[in-house]
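This report refers to the structure that appears directly beneath it.
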Amino acid sequence: MKKITILLIFSIYLFGYERVVALSPSINEIIFALNCGDKIIGNTNCCKYPIESIQKIKVGGYFSPSLEKIISLKPDLVILQENSSDFDKKLNKVGIETKVVKINSLESIKTAILDIGTIFNNQQKAKEIVQKIDNSIINLKGIVENKKILISIGYNLELSKEIYAVGQNLYFNDIIKASGNQNAIDESSKGQPVLNFEKILKLNPDIVIILAPMMEEKNISTQQLISPWLKLPINAGKSKSIFVQYHEYSGIPSDRVVNFIDDFRGFLSAVKNR
């Protein structure tokens, strides 16, 4: 029996895992980016990219995966994000191997890509993806600098209600800093702080970027989202430096963060050319 276990461990090390469940869109996308999507036997309802992801067996939602469904798939590995660590313990109790990855900062995204690349014995591809992200970050430098940038989240058609923004401990903040600018939200604010009308006026951002993935599905236009901001007596409104990022990848910290970085570069270039 001991000999069989050793052989099994050696074969996994040599050939990688063959039956994997990905419990977040980020993890799912990274595995596909590593050309290992065929190893995924299950993912969550939120995993929709690439298109092949939709065909995978669904094991529940991001916040509500089904333990019974995962067990029935007989995976040799389940990969999940750090905020699902309690579920990690449940999987371990029934003998399912897990890998927990942290994905919030830009550095942790790159580390996750490299770690998952190691899991699938595809370190070279992982390094190439990380290098592409690093190159995109370099291209942000020197466009505009010392601007206060506010990134809001959601579909606010008026600014009298709660407005969610990007705090200091997410990858968006790392991208802002790498560009030579600063987050309009102060360093004491983590996660997604909630702003009101008065707070926005006090922050007085120079640039506003509105994250509105699936905007078209909600039948909301870019102009509808920008319009209330243009009415505010803030620098961004006066210079019309208000942009909408409607691609769904903007909220998924995976290899496609490079797409958001490139879009962000386009916003900065637009400000420079005004």
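Can you run down the residue pairs with Cβ atoms below 9 Å, 6 or more apart or on separate chains, where the first is in region 214-232 and at positive phi and the partner is assigned to a helix (DSSP H, G or I)?
Close Cβ pairs (under 9 Å, with a partner that is assigned to a helix (DSSP H, G or I)) amount to M214/E248.
What tally of residues in region 239-257 results from selecting those that are in a helix (DSSP H, G or I) and either touching a Gly at 6+ places or on another chain (Cβ under 8 Å) or surrounded by 20 or more Cβ atoms within 10 Å (Cβ to Cβ) (or both)?
Let us first name the residues in region 239-257 that are in a helix (DSSP H, G or I), namely 248-251, 257.
Now drop any that are not either touching a Gly at 6+ places or on another chain (Cβ under 8 Å) or surrounded by 20 or more Cβ atoms within 10 Å (Cβ to Cβ) (or both), which leaves 250, 257.
The number of residues fulfilling the criteria is 2.
Take I113 and decide whether it is of a type in the set (A, V, I, L, M, F, W, C), outside any loop (DSSP other than H, G, I, E, B) and under 24 Å from M214 (Cα atoms).
Working: of a type in the set (A, V, I, L, M, F, W, C): yes; outside any loop (DSSP other than H, G, I, E, B): yes; under 24 Å from M214 (Cα atoms): no.
The answer is no for I113.
Looking at region 70-88, which of the residues that are charged (D, E, K, R) and modelled with pLDDT of 95 or more is farthest from the chain's Cα centre (by Cα)?
Our first condition is that a residue be charged (D, E, K, R); within region 70-88, this holds for 74, 76, 82, 86, 88.
Checking the rest, the ones that are also modelled with pLDDT of 95 or more come to 74, 76.
On the way: K74: 28, D76: 25 Å.
Selected residue: K74.
Go through (1) among the aliphatic types (A, V, I, L, M); (2) surrounded by 14 or more Cβ atoms within 10 Å (Cβ to Cβ); (3) farther than 18 Å from F267 by Cα for V144 and report which single condition fails.
Just one mismatch for V144, condition (3).
Mind listing just one residue for me: the one in region 180-196 that is surrounded by fewer than 23 Cβ atoms within 10 Å (Cβ to Cβ) and modelled with pLDDT of 90 or more and, of those, farthest from R274 (Cα to Cα)? Let's see the steps before the verdict.
Here is the first cut: in region 180-196, the residues surrounded by fewer than 23 Cβ atoms within 10 Å (Cβ to Cβ) are 180-182, 186-196.
From what is left, the residues that are modelled with pLDDT of 90 or more are 180-182, 194-196.
Values: G180: 18, N181: 17, Q182: 20, V194: 30, L195: 28, N196: 28 Å.
The extreme case among them is V194.
Counting only residues that are of a type in the set (A, V, I, L, M, F, W, C) and free of Cβ contacts under 8 Å to residues at least 24 places away in the same chain, which one in region 38-58 is surrounded by the fewest Cβ atoms within 10 Å (Cβ to Cβ)?
In this case the residue turns out to be I51.
Just the residues that are out of contact with any Lys or Arg (no Cβ under 9 Å at 6 or more places or on another chain), surrounded by fewer than 22 Cβ atoms within 10 Å (Cβ to Cβ) and either under 19 Å from L170 (Cβ atoms) or not small (G, A, S) (or both), please, taken from region 262-274. Quick ask: steps written out before the conclusion?
Filtering region 262-274 down to residues out of contact with any Lys or Arg (no Cβ under 9 Å at 6 or more places or on another chain) leaves 262-267, 269-270, 272-273.
Filter once more, so that each one left must be surrounded by fewer than 22 Cβ atoms within 10 Å (Cβ to Cβ): 262-263, 265-267, 269-270, 272-273.
D262, D263, R265, F267, K272, N273 - these are the residues of region 262-274 that are out of contact with any Lys or Arg (no Cβ under 9 Å at 6 or more places or on another chain), surrounded by fewer than 22 Cβ atoms within 10 Å (Cβ to Cβ) and either under 19 Å from L170 (Cβ atoms) or not small (G, A, S) (or both).
Condition check ((1) modelled with pLDDT of 95 or more; (2) charged (D, E, K, R); (3) assigned by TED's automatic domain parsing to the domain that holds R256) across all residues:
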residue: L106; (1), (2), (3): yes, no, no
residue: Q124; (1), (2), (3): yes, no, no
residue: V130; (1), (2), (3): yes, no, no
residue: K161; (1), (2), (3): no, yes, yes
residue: N169; (1), (2), (3): no, no, yes
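The values are calculated or read from the model by the stated rules, or taken from the named source; none is laboratory data. Keep in mind it's a predicted model, so treat the numbers as computed, not measured. Because the Cβ atoms are built from the backbone with ideal geometry, glycine has one as well, and the counts that use them run over all protein chains shown.
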